[in-house]
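Novice: Quick one: the structure is below, and I'll ask about it shortly.
The values are calculated or read from the model by the stated rules, or taken from the named source; none is laboratory data. Note that this is a predicted model, so its numbers are computed, not measured. Because the Cβ atoms are built from the backbone with ideal geometry, glycine has one as well, and the counts that use them run over all protein chains shown. To get the accessible areas, we keep the full protein, side chains included, count just its heavy atoms, and leave off ligands, DNA and RNA. Shrake-Rupley method; radii C 1.70, N 1.55, O 1.52, S 1.80 Å.
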Amino acid sequence: MHRTHRHPASRALAAGALSLALLSAGSAGAFATEAKPKPSPSASAMASITIKPSTTSVNAGGSVTFTGRTQGLKVGWPLVLQHQKAGKWIPLKATTKTKNGSSYSLTAKLNTVGNEHLRVSAVGKKVYSPAVTVNVT
């Protein structure tokens, strides 16, 4: 029987090439996992609320109706009217829920004389309408 002896250097070269191929494949897999798309933003990030007061001026004790539409909130989601006092948004007693068609309507009695800055907030979410101003005289 005749044996062929391979040169030890060729064995080391083959082992090195195999190791390099395996490392490269592992790196390609790592790069492939980095290229995955990021998850889509949460619903609250895409949600929005519009607001429109029935009037921008009212006598103290008078009522104003606020209407608007929501996007990205389920039908029946609770909404609350807030007013700004000393730089903080305070909920008022005026509440409603989103209706079919994503609309809402709520009425509030405004008693504080001066410019009231108001917005609608989705309860339990960080989703707010733009602020509107109603002058109470």
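Novice: Which condition does V64 not pass, out of (1) under 17 Å from S48 (Cα atoms); (2) open to solvent by less than 50 Å² (accessible area, probe 1.4 Å), if it passes all the others?
Specialist: So the condition that V64 fails would be (1).
Novice: Okay, moving on. Which condition number in (1) modelled with pLDDT of 95 or more; (2) within 23 Å of the chain's Cα centre (by Cα) is the one that P53 fails?
Specialist: Here P53 clears every test but (2).
Novice: Cβ contacts < 9 Å: first residue part of a strand (DSSP E or B), restricted to segment 81-105; second residue among the acidic types (D, E), any location; separation 6+ or different chain. Result?
Specialist: Hits for this filter: H83/E116; Q84/E116.
Novice: Would you please name the residue that is modelled with the lowest pLDDT, looking only at residues in segment 99-114 that are closer than 13 Å to I49 by Cβ and surrounded by 17 or more Cβ atoms within 10 Å (Cβ to Cβ)?
Specialist: The residue in question is S102.
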